[in-house]
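Worksheet: the structure to be examined is printed underneath.
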Amino acid sequence: MTDLTLKDFMPKPETGNVILLLNEIRHALRHLAETGEPTTIDLSGIPMTKAETEEFEAALGTGEVHAEIDAGGPSEVIETSFAGVWRVIHRASEEMTLARYIEVTRIPEILVAHPSDMRAALTRLEARLELSSEEEAL
């Protein structure tokens with residue numbers, strides 16, 4: 001026979017934030033679909049138990065896109081099973097998470113090419129093509 005303690009009869013600690021977050025995401029997705037305006041939800045300050053975090057991630061599921069970015073520390077962009085809903089995680093290292101977001105948007109901002117980067121890329125590509133043309137002429 002197992003000895004039971006009072007702890008065995010106590011409800012498991014839960015914050016109740018999973019259902020609240022899913023409803024917030026639902027409203028944000030409706031807003032995006034109707035207006036085109038994105039929403040970012042900062043998960044860093046929302047308390048959730050480990051079990052709730054796992055439940056939340058399972059509820060969102062995983063879509064087809066997973067991007068890893070190495071710019072000032074590793075970041076990940078993970079599409080959920082709901083079009084327009086993305087998990088974005090920024091880390092200082094593999095072990096230390098700096099920020100966690102849900103972005104409800106067509107494409108997360110971190111994946112969008114910035115105009116200055118595109119101009120620099122164009123300059124590099126044109127220089128490479130000029131070099132190729134000069135080598136062919138020889």
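No value in this document is a laboratory result; all are computed from the given coordinates. What you see is a predicted model; the values in this text were computed from it and never measured. Cβ: placed from backbone, ideal geometry, glycine included. Neighbour counts: every protein chain shown.
Observations on the structure shown:
- Solvent-free Debye scattering, log10 I(q)/I(0), computed from the Cα coordinates of segment 14-109 at q = 0.15 Å⁻¹: -0.59
- Nitroxide proxy distance, nm - points 7 Å out along Cα→Cβ at GLU95 and SER133: 5.3 nm
- Estimated FRET transfer efficiency (ASN23, ARG106; beta-carbon r; R0 22 Å; 0.05): 0.55
- In the chain, the DSSP-assigned H stretches of four residues or longer account for a calculated mean residue ellipticity at 222 nm of -13500 deg cm²/dmol, using -39500 (n - 2.57) per stretch and the full residue count as denominator.
- Long-range amide H partners of THR62 with built H, under 5 Å: SER81
- Remark: the ALA67-THR15 segment gains 15.7 nm on full extension, using 0.36 nm per residue and subtracting the alpha carbon distance.
- When the chain is treated as a GNM with alpha-carbon contacts under 10 Å, the residue of GLU64, GLU55, GLU76 showing the greatest mean-square fluctuation is GLU64.
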